[in-house]
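Where a number appears in this text, it was derived from the coordinates with a stated rule and is not lab data. If you're wondering where the values come from, they're calculated on a predicted model, not measured in any experiment. Counting neighbours? That spans all protein chains shown, and the Cβs are built from the backbone with ideal geometry, glycine included.
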Amino acid sequence: MDDLSERLSNMMRRFDEETRDRFCYAIIQASQTGNFEACWCQSGKLYKDCHLDRHKDRKKSDGEVRKQLSNIFDSKKYCSASYDHKNCKLPIKGAHTVQRGRVLSSMAKDGHVGTFYRNINGFEQLRDIKTGIKTEASIFYGFCEYHDTELFKGIELKDFIAKSENCWASSYRAVCHEYYQKNAAKEAVIWQLENLDKGYDLSEQLIIQEQLFLLKRDLFKGFEDISSIKDKYEQARIQGKYNSLYSYVIVLDKPLSLSVSASMSPYYNISGVKIQNLGDPMYLFQHFALSTVTVNGCAAYVVSYLKEHKVIEKYLEDVFEKGPMFVKSWLTKCIFAYAENAFFNLDWWSNLRDDKKIAIYNLAMSENYTVHFEIDDLVSSETPGSIVSIERI
């Protein structure tokens, strides 16, 4: 079997019936679409203005693609707190995705923290681990000057106190960052659909378009889900009803080695039973937000979710009923397995054995909450400190 046939065969095996039927229909349409008919790729353009001569176009280089996608993400500058737009005050700030003052400063070495990153082809196999690390924290242009200060002053300027309003603030930042990323990703995938298959023959175009179609479908659905969650967080703020969220505050007895700001939607519970993505296309996926704070100079994490999200409530109850040692293993493994926006102390990283570095790096490379992973002490055994308190707010 040649490479193309094998790729097509592998793709088809992974498709559900609806996707397989649509892909087969695209193949048929691509072979017979007329110049003045709608293009087979479903762009809405005429075939003559879309894919007719696309195989003659110059292929985009990796560098060009990387630059364009970076430009799309970097060009997004708006205040996420649109519910309170009347108080917005320019400029749009380059806001850190995690607390700058108390979290990043406590972890930084010479002003830097570590994180992993992807190349344009996703995560690839590890060759040189140093190429997969950058020593800077994520910034996004998602808040104006007023809201970047006003919404988070209770946790930025003061010691974190475990109360519902502070848990809301820490978690809202994570939710807004997820919203911001997915909003930019929607534009990015449209550009990819219009450009990534240039210079390829028809068979390759079909494969690329199908892969991007599925990515677009999932991104747009994910944006719908996080938009709904963001709206409900904002209603809690408007109405002053922070008790519409539940939170767990986890406090350790050592300073931070790891930090995270993310919104996660696990498909499986800790026993490997599927709890979301069960086939209902109208289902809004439930999330929990995981964010980082400090308490008396020590590491602390906030896990928050909407009270109406009963699937997540049961998922987290199963986690926390197993006790502090299990929770630490779950927490530290989640940071790498479920979150792209995770950071670590560079001294912590440099002191790990090489086999541990590779295992943790590969865990991050497979970052994907649509699959199940075993809870073990891969990360927790290397993370200083023990959990001294878990408080439900």
Using a 10 Å cut-off around each Cβ, can you sort Thr115, Thr332, Thr149, Thr292 from fewest to most neighbouring Cβ atoms?
Thr149, Thr115, Thr332, Thr292
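What do the square roots of 5 times the Cα gyration tensor eigenvalues come to for the chain, in whole Å, largest first, as semi-axes of the equivalent ellipsoid? Don't jump to the answer; show the numbers that get you there.
On the way: eigenvalues 296, 115, 94 Å².
With the √(5λ) rule applied to the chain, the semi-axes are 38, 24, 22 Å.
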Partners for Lys198 among lysines (Cα-Cα distance below 28 Å; same-chain residues under 8 apart left out):
Lys45, Lys48, Lys56, Lys59, Lys60, Lys67, Lys76, Lys182, Lys186, Lys216, Lys221
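Could you put Tyr83, Tyr242 in order, starting from the residue whose Cβ has the fewest other Cβ atoms within 10 Å?
Values: Tyr83 13, Tyr242 19.
Sorted ascending by nearby Cβ count, the order is Tyr83, Tyr242.
Given a Förster distance of 41 Å, report the FRET efficiency between Arg353 and Arg7 from their Cβ-Cβ distance, rounded to the nearest 0.05. All intermediate terms of the calculation are to be shown ahead of the outcome.
Values: r = 37 Å, r/R0 = 0.91.
Step by step, r from the Cβ atoms, then E = 0.65.
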Using the Cβ atoms and a cut-off under 10 Å, what net charge is assigned to the surroundings of Cys176, where Lys and Arg are +1 and Asp and Glu are -1?
0
At 7 Å along the Cα-to-beta-carbon direction for both Lys89 and Ser381, put a label point, then send me their distance in nm to one decimal.
5.2
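Residue separation times 0.36 nm, minus the C-alpha to C-alpha distance between Lys221 and Glu145: what's the value? Let's see the in-between values first.
Values: separation 76, 0.36 × 76 = 27.36 nm, distance 3.02 nm.
This chain segment gains 24.3 nm when fully extended.
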Using 7 Å Cα-to-Cβ label points, what is the Ser203/Lys109 separation (nm, one decimal)?
5.0
Got a sec? Charge dipole of the chain, +1 on Cβ for Lys and Arg, -1 for Asp and Glu; which of Thr383, Tyr267, Cys39 is way out at the positive end?
Thr383
Say a paramagnetic label sat at a point 7 Å from the Cα of Asn277, along Cα to Cβ; which residues of region 364-389 have their backbone N under 12 Å from it?
368-373
Förster radius 22 Å - calculated FRET efficiency between Arg14 and Glu374, Cβ distance, rounded to 0.05
0.45
